[in-house]
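Visitor: Just passing along the structure, written as structure tokens.
The values are calculated or read from the model by the stated rules, or taken from the named source; none is laboratory data. Bear in mind that the values here come from a model prediction, so they are computed numbers and not experimental data. With ideal geometry, Cβ positions are generated from the backbone for all residues, glycine too; neighbour counts draw on all protein chains shown.
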Amino acid sequence: MTEADLDDVIDARRRAFGPIPADSREKWRRMVLPALGEGRYLGVFDGSRLAAAARLRGFTQWWHGKPQPMAGVAGVTVNPEDRGRGVGTLIMKAVMDRAEALGDAVSALYPATTAIYRRIGYEHAGALHTVRLPAEDLRGIAPAGPVKLRRMGPGDAAEVVSVLHRVHALARSSGPVCWDEHIWGVRLGDEDDFLYLADDGYVVYRWKGDDIEVENLVAASRETLRALWSLVGSASSVARHVVASVAPDDPVLWLLRERTKEEVAQIRWMFRVLDVPAAVERRGYPAHASCEAVVTVDDPVRAGGTWRLELAGGSGAATPVDGPGPRLTVNGFSALYTGVPTATLRLGGLMTGDDRYDEALDAAFAAKPYMLDYF
């Protein structure tokens, strides 16, 4: 699509998701303009009329601490009069083709509904976890040492990207994503957000009603982690609670004075492998895990096949072969890639056949995937 189509896209989004305030429209335009130039905004047209649209967001995503490019699918909209005609499936197939042409081997999305995406090979993988914490408990987190914090803005986009690479490599994270520098530059310009940067961490938070909402807080050291959470908790004289996006085993949960019942919400995301050999090669694996297995991946939408997986020393490779082995739907292989156990896949009907490799596959692909960002 081109810039001339954006008004029609906004109209489609308004019909799909509800009213869009004028200031949000302008921010959205600034964020999507680069996508147009890169061929990352796709449309389905009925003559000259836009029937559906979808955007490919170029992310970096970590799997066991190793970064790779990932096609984030967002803004999938089908006009009401075009629903039920296969238009959604048509644009998603085009999205996958374009993602692979751009060099992405994996893709993820937050579904408005599961069925359409599951039919074309996406499967549930992880979640964005938000927890509601007492602000006073965060204020009570004692510093572990001096940490220099400063306010940050659009000019710090490159530094934020650098911090994320260091944090997720060190933590051997699976699932988190990083926006490109342009998008970070736009996001860091929001005047309603409070933004602080340290040498090895940062926080983005804001007021939301009577609570504080933490969108991102990452840190590579104990000192910075404590300093940033204590900073957020300093609002406890006004705010009673902090609602924060966290990892499932986020260290802040072990810094709290009390833990009994916790209010945790999840927004689920789905994942798909687009190119088996490239995805296997680009993923990180536990250094101690070793696995050699033959698997068949059935993918009616894209090219399936049979591969020998060789995973050892933190690296992996997939080589086309002929031979027997367990069979997985592409949904099943995508779920396995994200750490879903083989026992779950078999009971769910996503994996059948030879089970001699199951334990080794579980060890090699072990992960607890999560994201901190919604897109």
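Visitor: Only one residue in Ala287, Ala343, Ala318, Ala303 is outside the structural domain of Ser245 (by TED's automatic domain parsing), surrounded by 14 or more Cβ atoms within 10 Å (Cβ to Cβ) and not hydroxyl-bearing (Ser, Thr, Tyr), so which one is that?
Guide: Ala318
Visitor: Could you say whether any residue in the stretch 12-21 is assigned to a loop (DSSP other than H, G, I, E, B), surrounded by fewer than 17 Cβ atoms within 10 Å (Cβ to Cβ) and on the phi > 0 side of the Ramachandran plot? Steps first, answer last, please.
Guide: Residues of the stretch 12-21 that are assigned to a loop (DSSP other than H, G, I, E, B), as a first pass: 18-21.
Of the ones still in play, those that are also surrounded by fewer than 17 Cβ atoms within 10 Å (Cβ to Cβ) are 18-21.
Applying the additional criterion that residues be on the phi > 0 side of the Ramachandran plot yields 18.
Checked the stretch 12-21: at least one residue is assigned to a loop (DSSP other than H, G, I, E, B), surrounded by fewer than 17 Cβ atoms within 10 Å (Cβ to Cβ) and on the phi > 0 side of the Ramachandran plot.
Visitor: Across the stretch 189-220, which residue is surrounded by the fewest Cβ atoms within 10 Å (Cβ to Cβ) among those that are of a type in the set (Gly, Ala, Ser) and touching a Leu at 6+ places or on another chain (Cβ under 9 Å)?
Guide: Filtering the stretch 189-220 for residues that are of a type in the set (Gly, Ala, Ser) and touching a Leu at 6+ places or on another chain (Cβ under 9 Å), the one surrounded by the fewest Cβ atoms within 10 Å (Cβ to Cβ) comes out as Ala220.
Visitor: Another one. Does Leu311 satisfy the condition of being in the same structural domain as Gly353 (by TED's automatic domain parsing) and touching a helix residue (DSSP H, G or I) at 6+ places or on another chain (Cβ under 6 Å)?
Guide: Yes; evaluated as a whole, the condition is true for this residue.
Visitor: List the helices (runs of 4 or more DSSP H) that sit entirely inside the stretch 84-188 and contain at least 2 residues that are among the acidic types (Asp, Glu) and either in contact (Cβ under 8 Å) with a residue 60 or more places away in the chain or surrounded by 18 or more Cβ atoms within 10 Å (Cβ to Cβ) (or both).
Guide: 135-139
Visitor: State the number of residues belonging to the stretch 241-262 that are exposed (fewer than 14 other Cβ atoms within 10 Å of the Cβ) and part of a loop (DSSP other than H, G, I, E, B).
Guide: Total meeting the criteria: 7.
Visitor: Output the qualifying pairs, or none if there are none: Cβ atoms under 7 angstrom, residues six or more apart or on different chains, first residue in the stretch 1-22 and more than 10 Å from Leu50 (Cβ to Cβ) and assigned by TED's automatic domain parsing to the domain that holds Pro111, second residue loosely packed, with under 13 Cβ neighbours inside 10 Å and not charged (D, E, K, R).
Guide: Qualifying pairs under 7 Å: Arg15/Pro80.
Visitor: Another question about this same structure. Among the residues of the stretch 99-149, which ones are out of contact with any helix residue (DSSP H, G or I) (no Cβ under 8 Å at 6 or more places or on another chain) and under 21 Å from Arg85 (Cβ atoms)?
Guide: Ala112, Thr113, Thr114, Ala115
Visitor: Taking the stretch 344-360 on its own, how many of its residues are of a type in the set (A, V, I, L, M, F, W, C) and under 22 Å from Ala127 (Cα atoms)? It would help to see each step written out before you state the result.
Guide: Of all residues in the stretch 344-360, those of a type in the set (A, V, I, L, M, F, W, C) come to 345, 347, 350-351, 360.
Then drop every residue that is not under 22 Å from Ala127 (Cα atoms), which leaves 345, 347, 350.
So the answer is 3.
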